[in-house]
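Data block below; observations after.
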Amino acid sequence: MTFLRPASLLSGLATAALIAGLAGAATAQTRADDRWSVTVSPYVWATSLDGNVAMAGHKAPVDVSASDAFDQLESVVMGEVEVRRGR
């Protein structure tokens with residue numbers, strides 16, 4: 001499975017939002033209820049691990065900071081884009 005790099009996916013989302021915004025600007029002379037609106041909501045989640053793991057009677061400590069976990073990621077993108085017209 002191939003994942004998109006965050007920069008290319010973010011630039012694609014920004015382009016889509018810009019196009020939707022331009023479409024909304026073109027309809028500015030219409031009634032207020034018929035305007036386009038675009039809402040972009042990126043989600044950010046940082047996690048860390050701290051504790052112990054046990055297997056077959058052996059215990060080992062686990063301590064992974066959020067920055068160490070982030071360094072191991074290939075690509076992750078999560079968010080919401082809402083494009084509406086009118087109500």
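Some values worked out for this structure:
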| read-out | value |
| --- | --- |
| Hits in segment 24-78 - residues which are at pLDDT 85 or above, small (Gly, Ala, Ser) and either in a strand (DSSP E or B) or under 27 Å from residue 11 (Cα atoms) (or both) | 37, 41, 51, 54, 60 |
| Qualifying positions in segment 41-67 - in contact with a strand residue (DSSP E or B) (Cβ under 6 Å, 6 or more places away or on another chain), within 29 Å of residue 82 (Cα to Cα) and loosely packed, with under 10 Cβ neighbours inside 10 Å | 41, 43 |
| Looking only at segment 68-87, and only at residues there that are free of Cβ contacts under 8 Å to residues at least 24 places away in the same chain and surrounded by 10 or more Cβ atoms within 10 Å (Cβ to Cβ), the one that is nearest to residue 38 (Cα to Cα) | 69 |
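The values are calculated or read from the model by the stated rules, or taken from the named source; none is laboratory data. The structure presented is a predicted model; accordingly, all values stated were derived computationally and were not measured. With ideal geometry, Cβ positions are generated from the backbone for all residues, glycine too; neighbour counts draw on all protein chains shown.
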